[in-house]
Amino acid sequence: MDLLLWGVLPYVSVALLVAGTVWRGRYDRFGITTHSSQLHESRLLRIGSPLFHFGMLFVVLGHVVGLLIPMEWTDALGISDHAYHLVAVSTGAVAGAAAAVGIGILVYRRLRVPAVRKATLKSDHLMYAVLLGAMALGILATVLNSTGATDGYNYREGVSVWFRSLFALRPDWALMAGAPAAFRLHVLFGFALFALIPYSRLVHMFAVPLRYLFRPFVVYRRRRPGRIANRAPKRGWERV
């Protein structure tokens, strides 16, 4: 079971993410959207959306730093383990709190505003459940690890090493199997969220309007019927 969970499941999740995203981009390009409900309600959205998105941005950046940068590198730079964890926990707490408050406002808005509730898709219920589960378990793992409830477990020597081994296609699944339960559940919910991205509104994170930067200019001209009628048209603008 440990081999399936920590040696096979991550690749299945990534395969579903890539295949689903490619399929949506090829056959459902116009369906890649947030399905915005701003017209139904905007006051709560203006508060919750920035908190959630900016909070999650820094949470993801924190995960990237914590999982991909080996402990040997920070040791070589003279950064002590205590200083690293102090910075990671303090910045992560602020980002996590912002994301948690933001998603709380958005969920409240979706449940309490009738028009927004009617615009909710079936996939949204599963997406919100997995997203909230991943966030709650991540906060729980951080709190337990910071308070010493995990018997001094260092995720940089366990979870991080296992995560980097996935890129080498030689997953060290035993390291993840020995991690505390909160970390394991957080990782499982995280990979479930990855697999769910192409099949929910979360796919909009891949919709980058690059063509907008290179589109031709749209020319707007003020129309004054009296002046246009009394003057000769410019060369090249004659009526046909």
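The values are calculated or read from the model by the stated rules, or taken from the named source; none is laboratory data. Note that the structure is a prediction, hence the values are computed from the model and not measured. Positions of Cβ are generated from backbone atoms using ideal geometry, with glycine treated the same way; all protein chains shown enter the neighbour counts. We work out accessible area using only protein heavy atoms, side chains counted, and drop any ligands, DNA or RNA first. Shrake-Rupley method; radii C 1.70, N 1.55, O 1.52, S 1.80 Å.
See the values below:
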quantity: Condition met for S160 (without any contact (Cβ under 8 Å) to a residue 24 or more places away in the chain, part of a helix (DSSP H, G or I) and open to solvent by less than 40 Å² (accessible area, probe 1.4 Å)); calculated: no
quantity: Residue within the range 150-159 that is in contact with a Leu (Cβ under 8 Å, 6 or more places away or on another chain) and under 22 Å from F58 (Cα atoms) present; calculated: yes
quantity: Residues of the range 110-151 that turn out to be open to solvent by 60 Å² or more (accessible area, probe 1.4 Å) and among the hydroxyl-bearing types (S, T, Y), as a count; calculated: 3
quantity: Any chance L44 is buried (at least 17 other Cβ atoms within 10 Å of the Cβ), farther than 16 Å from Y155 by Cβ and in contact (Cβ under 8 Å) with a residue 40 or more places away in the chain; calculated: no
quantity: Single residue of the range 170-217 satisfying the filter (part of a helix (DSSP H, G or I), open to solvent by 50 Å² or more (accessible area, probe 1.4 Å) and of a type in the set (F, W, Y)) that is farthest from I32 (Cα to Cα); calculated: W173
quantity: The range 73-109, subset farther than 22 Å from V60 by Cα and in contact (Cβ under 8 Å) with a residue 24 or more places away in the chain, residue most open to solvent (accessible area, probe 1.4 Å); calculated: Y108
quantity: Those residues of the range 1-41 which are more than 24 Å from F206 (Cβ to Cβ) and surrounded by 14 or more Cβ atoms within 10 Å (Cβ to Cβ), in sequence order; calculated: L5, W6, G7, H40, E41
quantity: Some residue of the range 82-96 being in contact with a Ser or Thr (Cβ under 6 Å, 6 or more places away or on another chain), under 25 Å from M176 (Cβ atoms) and not basic (K, R); calculated: yes
quantity: Members of the range 23-77 found to be closer than 30 Å to V87 by Cα and of a type in the set (G, A, S), listed by number; calculated: G48, S49, G55, G62, G66, A76
quantity: Flag for G62 being under 30 Å from V116 (Cα atoms) and either open to solvent by less than 70 Å² (accessible area, probe 1.4 Å) or touching a Lys or Arg at 6+ places or on another chain (Cβ under 7 Å) (or both); calculated: no
